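Structure record follows, encoded as structure tokens.
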Amino acid sequence: MASSTKKTRPLRTLISLAILIALAVGGLAAGVKWGDADWTPNLALDLEGGTQIILTPVATDGSAITEEDLRQAINVIRQRVDASGVAEAEISSQGGQNIVVALPGTPDQATLDLVRRSAQMNFRPVLVQDYGFAAEPTPTPSATDESTDKATDEPTDKATDESTDEATDESTDEATDGATTGSTGGESKESTDSATATASATSTATDNATDEPTSTPTTQPKTEASNPSDLAQITDTVKKEFDALVCDDSKLTGGDSGDPDAVLVTCSDDGLYKYILGPVEIPGTQIKNAQSGLRVVNNATTNESVVNIEFSNEGKEAFYQTTKRLAEQYAQGSAGADVAPNLFAMVLDGLVISAPQVTQAIPDGRAEISGSFTRQSAATLANQLNFGSLPLDFKVQSEMEISATLGSEQLQKGLLAGLIGLILVVLYSLVQYRVLGFVTVASLVMATIITYIVITYLSWLQGYRLSLAGVTGLIVAIGITADSFIVYFERIRDELRDGRALVGSVEKGWDRARRTILASDAVNLLAAIVLFFLAVGGVRGFAYTLGLTTVIDVIVVFFFTHPLMELLARTRFFGGGHPASGLDPRQLGGRAAVYQGRGRVRAPQATVRKKESDGVTLGGFAGSSATDVEDRPLTIAERRALALREEKPSQPEPTTATDEAPDTQDDVPEAATTEVAGEDEEKH
Amino acid sequence: MARRGFSQWGNDLHTGRRSYNIVGQRKGFFAVSLVIVALCALVLGIRGFNFGIEFTGGSEFTVSGVSDTSQSIATEVVEKTGVTEIPRVSSLGSSAVRVQTVPLEQAQIDEVKAGLAEAYDVGADAVTVTTIGATWGKDVSSKTIQGLIVFVLLVTLVMTAYFRNWRMAAGAILALFHDLILTLGAYALVGWEVTPATMIGFLTILGYSIYDTVVVFDKVRENTDGILAQKRSTYEEQANLAVNQTLVRSINTSVVALLPVSSILFIGAFVLGAGTLRDIALALFVGMAAGTYSSIFLATPIEVALRDREPAIKAHTEKVLALRAGAEAGEPAAAYAVTGKLLPGQHQGHAAQPRRRKK
């Protein structure tokens, strides 16, 4: 036999691949049993049914939207959707500028409206703060227990005002992360301190003045208030609303930033507290910058995480006024006066994200929020504040409702089309390559198995979802994957045509086919990668599938088809060139083109004629054909066969000759193949 | 026996006994391609694309589970709500109807939805609504064009590096544009809506066209390796031989690739009606067929035409032709085809020596 120059162990490769696949399946089985994996890949919206909304956040002031803004916007929408009780909603960014919200099933109009609402951030003073959970006594720290009880027990107008005040004062001290606002600059401290002191007188004066109109019951919902912290703004309706408010998940959807000039009753974003907030004092747009970092005291960095806010020039003044008033209230509050707590709420998308305490007026527009922040929570707050500086409207790009029945019909028909396509491909390769076609079929089956496993894994671990476009990509990939086998088989046949024996042909053909397959698959992969990174939406899913199948194609050709061919080449059926094997050298004209020296191959015209007449007699020899007879004396084996044939008369059909082929080979296989190998060497 | 004929044909192509002078007649193929491209451009110019709702913006209603898919019902319903423009109505499969209108207000949408549910006698939840802003499609197309440019640049780089010659990249890219224009033209001619699915189809053509060309070019590269060191055949002849030798592979590949696509196309067009499957499949079908054609009849001839301008190749071709004319008296050249390696020699290594049989 023509010996191979390299030691290959095809069986070992095949077994390794089988073990790998078995391991993958085992891993998946474990995932199904103990994890949240599934035996089938998740389906995308167009197949499963549901609603997809594509939103483009647009800054109301027309400025550009950064990636961070987009992330915050997604968080806002996620908060809304999650809290509204829609399970398995998917919210993702698309192409760096769009937000895709996919809601399975048919969500109601309220949910859809909620998603589309614009998000805002504002600063409002806190009028009343209380625990957000149900009024029933719940296990809470003893100090607050007392105060809340007091508050709820005395539902009369005046008394509640007082008691809630007390309650909130105490509770904030304990639980609002102990957040305090202070000025960053050390030298400004003195001046603000004095400011608080001097301003207190005026503050009480206004309080007294406003006390009067509140006591007289007014029918108008909004009372004239002297300042945003005025408790007189709390009308009966507001009060009732506040008392009834329980901050369970249904209230945490956000989305309603309220009338900026009126009081707002809302919850904190974690549902722990509920608030009555005064009108908007500073819109979020006036935040210049917010950063999280470590607190610096006297030029020394401490280990405490804080959030620094810097206001724009406009905001600076407003912030000064607000902090000044709140600081006064602090002074009054500690003196026992009936005023609002000195809390300042940051309201994002209608929910209070933080309500720090203000103890002194801050004139320079730089505030530091400190408290029991972790580095993470400080960074989160800073991001939320930065997002607030850019109020976003969500423009609906498209809203798509897909009924599940339509999707499943498309999927069914698509899979049917794929099945028909696969059967056609199998039939064609069987006709073209005979038994060798089964290698194509086996490789395609292998590719299908690997693809299925990989997709199921991806949908488990990475949230990959199979869309209709993806399914189409997979079906199209049948053709592209099969091409690798065709290139390979054609190269093997080329080598056979050049007169090489099968083992040598497989080896040599593989060397050449490998390069071509790698080069062409690299181009395909390149296309997939470019599309994946530049395209949006469905195109992206398709590119992903295309890239995946390309890689799997390479894996299958390298670790399945080629080792399989190497093994098959050693069998008698293929190695002997059985007519049905698809690698019959005679059919391929293995000797039809005969090497003539000086790099030339003798054209086989004469041979063909000869074959028609003479082929019968000598067709039975593997690797030999009528052509050979002309150029060289018969080998001993051939002479014997000829003699044998003469003894058995009247078998002139060519079919019988070919049928006999394997038998005759048994006698003389070595002789014939050595001939081939010998000529091989000569050729180069 | 037809198969035998095919395999015999393959043998003949391989040995060069039968050879189609594709590269030699390249001017003819160029002319054909130019005419086709011009026709496609004409179709694109006159007919234009029938842009889908994703590009024009609008509202789409899908009524599923209907027993009567007649389109006039939907038209009447939409007319009743005071929308002056006639909606586009098409049936999806056997039991669903799709109605596309201009962008509607929420109130109008609700009205049409209720009207459709009543008219087709289905429940309200059987009618689904899709509203699409006009910019969505624009976004996708601009991204697509961006992707096309980046892809072309990268492919040029990769192919130039792999084949060590920019001319192959040029041939492949020109063939790619030929395929794209052909696909666009054919799509415009059929008049189906251009949807994101169509875009996906077009983009796949990018990969496939280049892929197919690379396979042919790799054979050309193999055949013309060391072309300058021998004096028997010209670059053109070797390239032509490569095209002929990969002809069987090209045919097999395109048949195998087109079979699944045509089955999707068939099911999509005749069973499902308008939709993703049909749109992708049409774009792919035309594009893949064009890709196979162009990689045989266009890419290599272009490459050879460019290559022939190279001074070294030009000089070599002249030398070979002159030698051949001088040796006229010798064996007729036509009877000999040069296959296999152009240069003899190359040691196969010790292991390649015949081995003593162990038995």
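Modelled spin labels at A:L644 and A:E67, positioned 7 Å past Cα toward Cβ, are 7.5 nm from each other. Dividing the mean sequence gap of close Cα pairs (under 8 Å, 6+ apart) by how many residues the stretch B:58-132 holds gives a relative contact order of 47 percent. Per-residue extension of 0.36 nm, minus the Cα-Cα distance of A:D270 and A:N289, leaves a gain of 4.4 nm for this segment.
Rg and Dmax of the stretch A:241-370, both derived from C-alpha coordinates alone, stand at 15.7, 48 Å. Applying a threshold of 31 Å to the alpha-carbon distances of B:K138/B:K219; A:K413/A:K508; B:K219/B:K314 flags B:K138/B:K219; A:K413/A:K508 as lying beyond it.
In this rough spin-label picture, where each label sits 7 Å from Cα along the Cβ direction, the A:V396-A:S92 distance is 2.3 nm. In the stretch B:58-132, the convex hull through the Cα atoms has an average projected area of 4.1 nm², a quarter of its surface area. In this structure, A:F438 and B:Q71 have a Cβ-Cβ separation that, at R0 = 41 Å, corresponds to a calculated FRET efficiency of about 0.25. How much FRET efficiency would the formula 1/(1 + (r/R0)^6) give for A:V246 and B:K138, where r is the Cβ-Cβ distance and R0 is 45 Å, rounded to 0.05? After rounding, the FRET efficiency stands at 0.45. Scalar couplings 3J(HN,Hα) for the stretch A:64-71, obtained by applying the Karplus form with A = 6.51, B = -1.76, C = 1.60 to θ = phi - 60°, are 6, 9, 8, 5, 5, 4, 4, 5 Hz; x denotes Gly and Pro.
The slack in the chain from A:S334 to A:R9, taken as 0.36 nm per residue of separation less the alpha-carbon distance, amounts to 108.4 nm. In this structure, the amide hydrogen of A:S354, modeled 1.01 Å from its nitrogen in the peptide plane, lies closer than 5 angstrom to those of A:M346, counting only residues at least 5 positions away or on a different chain. For A:A24 and A:V445, compute 0.36 nm times the residue count separating them, minus their Cα-Cα distance, and round to one decimal in nm. Residue separation times 0.36 nm, minus the Cα-Cα distance, leaves 149.9 nm.
Any read-out appearing in this document is the output of simple, stated calculations on the displayed coordinates, not a laboratory observation. Given the structure is predicted, the values throughout are model-derived calculations rather than measurements. As a convention, Cβ positions derive from the backbone with ideal geometry for all residues, glycine included, and neighbour counts pool all protein chains shown.
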